[in-house]
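Since the structure comes first, as structure tokens, the remarks are kept for the end.
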Amino acid sequence: MQLRPMQAGDIEAVAAVEKAAAEFPWPQSQFKNSLGSDHDCMVLDVEGVVLGFMIFSRVLDETTLLNIAVYPDIQGKGYGRLLLGSGLKAQQEQGAKQCFLEVRVSNVSAKRLYDSLRFNIVGERKNYYPAKTDRENAYVMCCDLADNTVAVV
């Protein structure tokens with residue numbers, strides 16, 4: 001198992017993870033755009049198979065987790081925590097002092113993961129995400145990476 005930088009050849013596999021894990025998945029073009037920008041894009045590779053990914057966007061000393069997913073059949077087994085914890089540590093090592101993210105209010109399992117990595121709710125965005133009927137609110141969460149006690153791995 002390895003965490004490695006996403007490559008152009010991973011886009012199809014990453015999009016498949018996203019499609020399996022998200023009700024409203026990003027299109028492949030969004031992953032291509034992220035890879036072509038200054039975003040930090042990583043994949044969880046197990047014996048040549050992409051099982052998960054994460055994408056951060058960093059500006060100065062702040063970073064934002066834009067997207068993270070692992071295949072649904074391996075969720076709850078620590079892979080998401082490993083992926084995100086390693087990503088936060090890498091962001092911290094590159095000078096990020098805070099990490100922000102948005103999460104669906106209804107996404108209890110993701111919120112539990114973020115809570116375990118010391119993210120706190122700092123706001124709410126109304127009607128942020130598409131939903132089957134209308135829109136869904138998002139919590140804005142933040143983790144203080146400047147605090148060396150943050151459980152990033």
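The values are calculated or read from the model by the stated rules, or taken from the named source; none is laboratory data. On a predicted model such as this, the values are computed, not experimentally measured, just so you know. Glycine gets a Cβ as well: all are built from the backbone with ideal geometry, and neighbour counts include every protein chain shown.
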query = Scanning for something farther than 22 Å from D147 by Cα, surrounded by fewer than 16 Cβ atoms within 10 Å (Cβ to Cβ) and either under 13 Å from the mean Cα position of the chain (by Cα) or in contact (Cβ under 8 Å) with a residue 40 or more places away in the chain (or both), does segment 48-69 turn up at least one residue?
reply = no
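Scanning for something outside any strand (DSSP E or B) and either surrounded by 14 or more Cβ atoms within 10 Å (Cβ to Cβ) or not charged (D, E, K, R) (or both), does segment 119-127 turn up at least one residue? Show your work before the answer.
The initial filter retains those residues of segment 119-127 that are outside any strand (DSSP E or B), namely 119.
Checking which are either surrounded by 14 or more Cβ atoms within 10 Å (Cβ to Cβ) or not charged (D, E, K, R) (or both) leaves us with 119.
Looking for residues that are outside any strand (DSSP E or B) and either surrounded by 14 or more Cβ atoms within 10 Å (Cβ to Cβ) or not charged (D, E, K, R) (or both), one finds at least one in segment 119-127, hence yes.
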ask   = Hey, does segment 7-14 have a residue that's touching a residue at least 60 places away in the same chain (Cβ under 8 Å), on the phi < 0 side of the Ramachandran plot and outside any helix (DSSP H, G or I)?
value = no
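Being small (G, A, S) and loosely packed, with under 14 Cβ neighbours inside 10 Å is the filter here, so list the residues in segment 70-107 that pass it.
The initial filter retains those residues of segment 70-107 that are small (G, A, S), namely 76, 78, 80, 85-87, 90, 95-96, 106.
Result: G76, G78, G95, S106.
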ask   = For the subset of segment 31-59 comprising residues that are closer than 19 Å to L88 by Cα and assigned to a helix (DSSP H, G or I), which member is modelled with the highest pLDDT?
value = S34
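Tally time: how many residues in segment 26-48 are more than 20 Å from G78 (Cα to Cα) and of a type in the set (D, E)?
2
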message = It is to be established whether one or more residues within segment 73-90 are over 26 Å from N120 (Cβ atoms) and outside any strand (DSSP E or B).
response = yes
task = Quickly run through segment 117-153 and pick out the residues that are within 24 Å of D61 (Cβ to Cβ) and at pLDDT below 90.
result = A146, D147, N148, T149, V150, A151, V152, V153
task = Write out, first by first residue and then by second, each pair whose Cβ atoms fall under 8 Å of each other, whose residues are 6+ apart or on separate chains, and whose first residue, in segment 86-97, is under 14 Å from C142 (Cβ atoms) while the second is charged (D, E, K, R).
result = Q91/D40; Q91/R58; A96/R58; A96/D61; A96/E62; K97/D61; K97/E62; K97/D144
